[in-house]
Amino acid sequence: MALLKDDVLAALGKISSPDGVPLPATGKLSEIIVADGKVFFSITVDSAAVQQWESVRERAQQAIRALPGVQSVMAALTAERAGGAAPRPQAPPVGRARPGGPPGGPAAAGPAGIPGVQAIIAVASGKGGVGKSTTAVNLALALRDLGLKVGILDADIYGPSMPKLLAIRERPQTVGGNRLRPIERFGMPVMSIGFLIEEETPMIWRGPMVMSALTQMLREVEWGALDVMVVDMPPGTGDAQLTMAQQVPLKGAVIVSTPQDLALIDARRGIAMFRRVNVPVLGIVENMSMFICPHCGTRSDIFGHGGARREAERLGVPFLGEVPLDIAIREKSDSGTPVVATVPDGGHAKFYREIATRVRDGLAATSRAAPKIVVEA
């Protein structure tokens, strides 16, 4: 018998809040998503009440896990600050980060690191449609080709692209009943919310539910030892993106933009967002930088050319490189065979490897300049 949302609600109805009210009647339960034996929900409470509600979250998660047909449960407690501030998810404690603070000052608090993951970088864009996800997957593959152990987290909750870009159709398996094993593709562990839902399922989630899913994909997945985790962020610079930037222990961000002014306006917002939360901007990639006709060889600057380079110079951030608008990149992406993996000696792969080299060097420079973070398991 297939697991139904009503089954989940009935089980949660037996869980009481600290005030003795059945959980579904508290108004604190998010939309419940049930897909192929996987259950997703969050409980949103006032930040001052987090400790009281943690046991409720644990009992709710155990109750759903005990239902027939449940393969895994993704349940998180998220806290909303008064005054409409961004929600701050409370993840299960997996470690404590102790970043050294500025000279003469107290140690700065920051999001906990992921055990075994040395560096997490975000690939972001101020708007959709600029080729962010294609850039993210080819950047990850190019970093792999530089000898690094790389993983990919598809955090684009509203439009996950990795299942298509990497032709992944299987579902992640559970480990120990409460953790997920990522899918391996081209020698990299990959995790995406798109692996857990049907391709055409609309992703209409509240902000706390977004952070709940991201937190658990980071911290309840068997990532193993990684030099770099590449996070494909959702496009834009709204509350969800800002909260992700605050909650994920990022070592740096790569901004993807096309050359035209309209896209660059949004790229500026993306850079400003990361600077606001003290995440180093590793640089800007100019995607769809030019088009070379495959028949006559004529070059056309469809979206302009050089705008991202000029913007990088103006804002004082590195320019990482240009990637052309080319049918081969599009065809390879649509077929789940990215150019860096399947045409490693081609000119397009060279563009991505040059960008990856600059990203690697930027990460090394950031690590030397930043205080060391010690993660305690």
Problem - Residue among Ala349, Gly336, Val359 farthest towards the positive dipole end of region 301-368, charges placed on Cβ - result: Val359
Practice task
Please give, to one decimal in nm, the separation of the simple spin-label points placed at Ala328 and Ser55, each 7 Å out from Cα toward the Cβ.
Solution key: 6.3 nm
Fill in the blank from the handout: The answer for Ser17, listing residues at least 5 apart or on another chain whose modeled amide H is closer than 5 Å to its amide H, is Leu23
Practice task
For Ile183, enumerate residues with amide H under 5 Å from its amide H, sequence gap 5+ or separate chain, H modeled in the peptide plane.
Solution key: Val190
Exercise for the section: With a 1.4 Å probe and every protein chain left in place, tell me how much accessible area Glu31 has, in Å² to the nearest 10. Expected result: 100 Å²
Handout entry: Å² of accessible area per residue within region 239-279, as computed with a 1.4 Å probe and no ligands counted
Key = 37 Å²
Problem - Protection-proxy order for peptides 321-328, 215-222, 130-137, each taking the mean of Cβ atoms within 10 Å per residue, highest first - result: 130-137, 215-222, 321-328
Fill in the blank from the handout: For region 123-191, dividing by residue count, accessible area per residue (probe 1.4 Å) in Å² works out to 34 Å²
Handout entry: Per-residue ³J(HN,Hα) for region 151-167, Karplus 6.51 cos²θ - 1.76 cosθ + 1.60, θ = phi - 60°, Hz, x for Gly and Pro
Key = x, 10, 10, 7, 9, 7, 4, 7, x, x, 10, 4, x, 6, 5, 10, 6
Problem - region 1-81 - accessible surface per residue (Å², probe 1.4 Å) - result: 47 Å²
Exercise for the section: Could you tell me, in Å, what Rg and Dmax come out for the Cα atoms of region 5-64? Expected result: 11.1, 35
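The values are calculated or read from the model by the stated rules, or taken from the named source; none is laboratory data. Computed from a predicted model, the values in this text were never measured in an experiment. So basically every Cβ, Gly included, is an ideal-geometry build from the backbone, and we count neighbours across all protein chains shown. The accessibility values were calculated without ligands, DNA or RNA, using every heavy atom of the protein model including side chains. Shrake-Rupley method; radii C 1.70, N 1.55, O 1.52, S 1.80 Å.
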